[in-house]
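Values quoted throughout were computed directly from the atomic coordinates according to the rules given, and no laboratory measurement underlies them. All of these numbers come straight from a predicted model, not from anything done at the bench. As a convention, Cβ positions derive from the backbone with ideal geometry for all residues, glycine included, and neighbour counts pool all protein chains shown.
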Amino acid sequence: MFESAKSAMEGIGVMFEDGGLILISETVSASADGLITHFLSYGMANRHPVCLVTLQHTWGHYCNIGNKLGLNFRQQTEQGNFKVVEGLKLLTEVLDESNQDIFNHPFGFILNASKNPLKNLYKLIKKTIEPWKETGKFFLLIVENITSLLNLGVQPRDINIFSQYCKNLIGDSPLKKSSLLVIVTTNDDDDNDESLVTKGIARSALLHVSLKGLSTGLSREVHGDFKITKFNQHAPYQCLPVTHHFQFKMEDKNMKLFAPGTSACVL
Amino acid sequence: MSKTNLEKIFVCEETPTPRILLLTDTNEVNGRGLLYTVINSHLRSPANIHYLHTSLRAQDIRRFLKEESSGKIEFYDGASDPCGWVSDQPEVSLQQPLQEIFRLGHNGDGSGKRKIVMVVDRLEDITHHQDSLHLIRSLHLLAAGDNVEQLILYCGRDVMPESVLSALCHISSAVVHVLPSSPCSCQLILKKPSRKIIKAHEEFSLNENLHLQDIQQSKSKEVPCSDENLDSVAILASQTTFNLTLTDDQRIAKNNLLLPHTRVQSHGDTLLHTGMG
């Protein structure tokens, strides 16, 4: 969908079909919603099943974005190609007094302190993607926004454990093809917990896409910085990562990437 | 003959071998190449290697180690099911103490004369599952074994709790912090048995066979340091012509200054100013 973003990631040597973990970190001033829609449309266009775990927005939010871009995500869920685990809906379920089974609920940790608060959520995701794994299908697992769990009292270490288990679900290995896991975090330098979670996941990610607003303020022509960082997992003798730095502008149906300092208002 | 401290540590020519080697990196620089370098050096020695991995799989690690010596390595899989979410009885649970994980009693190396090298890759994953005090104690116990040649600890210093990192630096005989400079460099701290401490900042590179090369003392006079170590007040003060510092008398006067909005309580005939909040 966003050809420029796709070209930027392929330019650094990442092909989505090879699978792996992609980390997208956003900030308050630069949202990753566009990139998430990009991955959803990639799954739809290539007929790959998609499991979307929404912890910050509703599924309706992404359907509305899709509608504006001419993509019918709701139809994909009706056809069984898209499966959605809606965190906000599960949250209201657990707070419903009529719900008896709190211990096995994915968000039961809110009412019952648990040693492994995210274990039930992991089990639900595993159950959701099991049919695709059994048939060896390539699928996408998108978790957004994992740092939202910090607002529910989950500790950074529990989120890192959860992300490790999600990575195991896709069968991530540089030696053989795995499915694609996309994890979205909010990375605020002033928030230690968010920063810890982002750094912890980045260590095991194939690719880290960082979206940040401009440090100098707002601009009509430049909406933020788009940075891609990749360590070569096949060449550990290369200690430093490859980093590509762009600036971006979100348009109605497109994300424009350009070299820093080359926006339309400058040239 | 190797002369640099880095080469002595990673080619295992330092005598005696540092009992605990701490290797750290960050999100901006990968120290895994150095880790494989020191493991390959040990593979050339008679010692057996016990490797606890928590992020990569054994087959992903094995391809960078010497093929002909692969029988000398025993892998402990702490990556697949670290805390029993998949199976009630995982092969390796990171919630167990490290000395139980390595199971020295079961494989016979504990009572034998053969030297062993233990590797923990990555230590911060273990801090997610265990109390830090128990972890440090476990590391002490592991390193104290009679037949232990070396205990190699690999972690990210930007994700480790600061207290744990300080404790690790304290107990380690050799500490190597890989720095995100170009060319790659590292800060070394080597503690000799004579209680002499050697600190060095050395540049290096690795070839495709994971051999160290181009090692030299770092030419840069500025030692890279993390943002947390910067004294922001000192930097701000040096960048302006205004005098931002206070003398002791000025500080006392400032603290005693009663502002109009300061709460005042009356206690009988005496007015008590609450002063600063």
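Approximating the spin labels as points 7 Å out from Cα along Cα→Cβ, the A:ALA259-to-B:LYS196 distance works out to 5.2 nm. Think of region A:16-223 as having a plus end and a minus end, set by charges on the Cβ of Lys, Arg, Asp and Glu; of A:LEU55, A:LEU196, A:VAL84, A:VAL84 sits farthest toward the positive end of this dipole. In this Cβ point-charge picture (+1 for Lys and Arg, -1 for Asp and Glu), chain A has a dipole of about 760 debye about its Cα centre. Extending 7 Å from Cα along the Cβ direction at B:ASN209 and again at B:HIS170 yields two label points whose distance is 4.3 nm.
Between A:LYS177 and A:ASN81, full extension at 0.36 nm per residue minus the direct alpha carbon distance yields a gain of 32.5 nm. Going 7 Å from the Cα of A:LEU152 toward and past its Cβ, which residues in region A:73-91 have a backbone nitrogen under 13 Å from where you end up? Inside the label zone: A:85-91. Considering only alpha-carbon pairs that sit under 8 angstrom and 6 or more positions apart, the relative contact order computed for chain A is 26 percent. Of all aspartates and glutamates in the structure, those lying under 19 Å Cα to Cα from A:LYS119, and not within fewer than 8 positions of it along the same chain, are A:GLU86, A:GLU93, A:ASP101, A:GLU130, A:GLU144, A:ASP158, B:ASP81, B:ASP88, B:GLU91, B:ASP125. Pairs with C-alpha atoms separated by more than 30 Å, drawn from the list A:LYS68/A:LYS167; A:LYS6/A:LYS83; A:LYS137/B:LYS72; A:LYS137/A:LYS249; A:LYS126/A:LYS249, are A:LYS68/A:LYS167; A:LYS137/B:LYS72; A:LYS137/A:LYS249; A:LYS126/A:LYS249. Beta bridges from DSSP with both residues in the protein assembly as shown: antiparallel share about 45 percent, rounded to the nearest 5. The simple Förster model, with R0 at 25 Å and r as the Cβ-Cβ distance, assigns A:ASN64 and A:THR92 a FRET efficiency of 0.80. Put a dot 7 Å past the Cα of B:GLU100, heading toward its Cβ, do the same for A:ASN104, and the two dots end up 2.9 nm apart. Only Lys, Arg, Asp and Glu carry charge here, each on its Cβ (+1 for the first two, -1 for the last two); on that basis the protein assembly as shown has a dipole of about 1100 debye about its Cα centre. Calculated [222 nm] ellipticity per residue, helices only, for the protein assembly as shown: -8500 deg cm²/dmol; basis is -39500 (n - 2.57) per DSSP H run with n ≥ 4, divided by all residues, nearest 500.
Gain on full extension, evaluated as 0.36 nm per residue between B:ARG114 and B:ARG62 minus their Cα-Cα distance, stands at 16.5 nm. Round to the nearest 10 and give me the degree value, 0 to 90, for the angle of helix A:33-45's Cα axis relative to the longest principal axis of chain A. Orientation of helix A:33-45: about 80 degrees from the principal axis.
Amide H to amide H, with H built 1.01 Å from N, A:LEU141 comes under 5 Å of A:CYS51, A:LEU180, A:LEU181, A:VAL182, counting only residues 5 or more places away or on other chains.
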